[in-house]
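Worksheet for the structure shown next.
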Amino acid sequence: MAIIDLVSWTPRDPREETIFAYRFPETNLSTWTQLLVQESQEAVLFSKGRLLQKFGPGKHTLDSENIPLLRNLFGIPFGGKNPFMAEVWFVNKILPSNLEWAVDSMATEDVDYKVQIPLVASGRYGLRVVDAERFLVRLVGTRSEFTERDLTDQAYGEFATKTKSSIVSFMRDNRIGYKSISGYLDQLSQFLKEATRGFWSEIGLELTKFYVTGIDIDTSTEAGRRVHEAISQQSAQSITGRTWQQEQMFGVAQEAVQGMGRGTGGGMLGGIMALGMMNGMGGGMGTGMMNPQYNQPTFNAQGGGQQTGFVQDGQQVPQGQLRMVYCSNCAKKYPSTSKFCPYCGDPYNPCPNCGADNAEGARRCVSCGATLQQAQDRCPNCGQPVMPGMTFCGNCGAQIITANFVCSRCGTPMPANVKFCPKCGKKRD
């Protein structure tokens, strides 16, 4: 067996997979063997399961003067070409920063949607070997080389567990949902770097960089695909202004109309029923889906809100015929004679032009676009909104006394149209 005179290692092209540790294939060395260690490398000499010596960058001779333990293990005297058996490991201490990581599905209770959402996360990180002996003993073992893939495979189990629990804790403790998590990737990256730093330190590595590049819904499972589809539909409905019920009705009607053209889906009868469904939602294919408040009662704007009739298909309908209105809060129909919605309790706030129910504080009618007067006060007797300048309540007839005018002599509240105090007779200032 020939004795090796020179021991060295030249790493492969850095554009290829990173090698963290490499074992020199020959073990028959001598006290004249030269050890060449390049920059960004560290050499570790093992014999009979014991660490003999560490060597930094440079050229070294493996004699007993540089390695005192050789005399204890082999009884090698000074001088001469004395052979011995040992393993030389080269550790790559260059700083790789392009290592990729990814964790599979993790369920989290989303604060925005109030449901369990399966998420996946991915990113990049950088590692550097700081303790070559610990790294070789704890992680490398008996391999001939230890690559980037070996590192990610061997450390994945514990790394994935720590990463998943840290992401879920960060989102839960900071009340961050899936819709807004992309705005917190920098803070999340710093949080995960601190949470996983100790794990890498235990095996002789230093975590230099850590980035979270994306958190997405796990669409590899049926549950994840349903969640993703539901969120996409909700976003589309928010953009178009349609409700879930309207989307379902539109889909059914569209399928029926298409089936009529193909001679399926009920033929002509299905098409007529589909058109009836569309008209029932708003009086036409184009406007019904976006304007559900149809056939609302009309009011006489000069009659203090008294109902005089209704408009249906462009024709006036007498007041005696009961009509229905759509609640501006829950969108359910109820009789126009009700003062409050019987389903959600929202007050009926009619438009003086078409009678459509509008949200309190609305500036324009949601049905006809008419400008709505804003009530400045409420009747002290029945609580109904009172328009500016009204002296008596249009609902119960009680006199309206606002606190805008107070008698400077006795402090009695005075109506806006009264010039003298009704209690002491003093003229209003």
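The values are calculated or read from the model by the stated rules, or taken from the named source; none is laboratory data. In this text, all values refer to a predicted model and were calculated from it rather than measured experimentally. Positions of Cβ are generated from backbone atoms using ideal geometry, with glycine treated the same way; all protein chains shown enter the neighbour counts.
Report yes if Pro25 is in a loop (DSSP other than H, G, I, E, B), farther than 22 Å from Leu69 by Cβ and at pLDDT 90 or above, otherwise no. Let's see the steps before the verdict.
Details: in a loop (DSSP other than H, G, I, E, B): yes; farther than 22 Å from Leu69 by Cβ: yes; at pLDDT 90 or above: yes.
In short, yes.
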Considering residues that are part of a loop (DSSP other than H, G, I, E, B) and either acidic (Asp, Glu) or touching a Gly at 6+ places or on another chain (Cβ under 9 Å) (or both), the number found within segment 354-364 is 1
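Among residues belonging to segment 84-116 that are under 19 Å from Phe46 (Cα atoms) and part of a strand (DSSP E or B), point out the one that is farthest from the chain's Cα centre (by Cα). Full working, then the answer.
In the first step, residues of segment 84-116 are kept if they are under 19 Å from Phe46 (Cα atoms); the result is 84-93.
After this cut, where a residue has to be part of a strand (DSSP E or B) as well, the list is 84-85, 87-92.
Working: Phe84: 62, Met85: 59, Glu87: 52, Val88: 50, Trp89: 46, Phe90: 45, Val91: 41, Asn92: 39 Å.
In this case the residue turns out to be Phe84.
Find the helices (runs of 4 or more DSSP H) located wholly in segment 157-275 whose residues include 1 or more that are surrounded by fewer than 15 Cβ atoms within 10 Å (Cβ to Cβ) and modelled with pLDDT of 90 or more, and list them. I'd like the intermediate steps shown before the answer.
Numbers: elements: 185-201, 222-240, 244-262.
Once the helices (runs of 4 or more DSSP H) in segment 157-275 are filtered for at least 1 residues that are surrounded by fewer than 15 Cβ atoms within 10 Å (Cβ to Cβ) and modelled with pLDDT of 90 or more, what remains is 185-201.
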Restricted to segment 172-187 and to residues being within 18 Å of Ser235 (Cα to Cα) and without any contact (Cβ under 8 Å) to a residue 60 or more places away in the chain, the residue farthest from the chain's Cα centre (by Cα) is Ser182
If a residue must be within 21 Å of Gly394 (Cβ to Cβ), assigned to a loop (DSSP other than H, G, I, E, B) and free of Cβ contacts under 8 Å to residues at least 40 places away in the same chain, how many such residues does segment 340-353 contain?
4
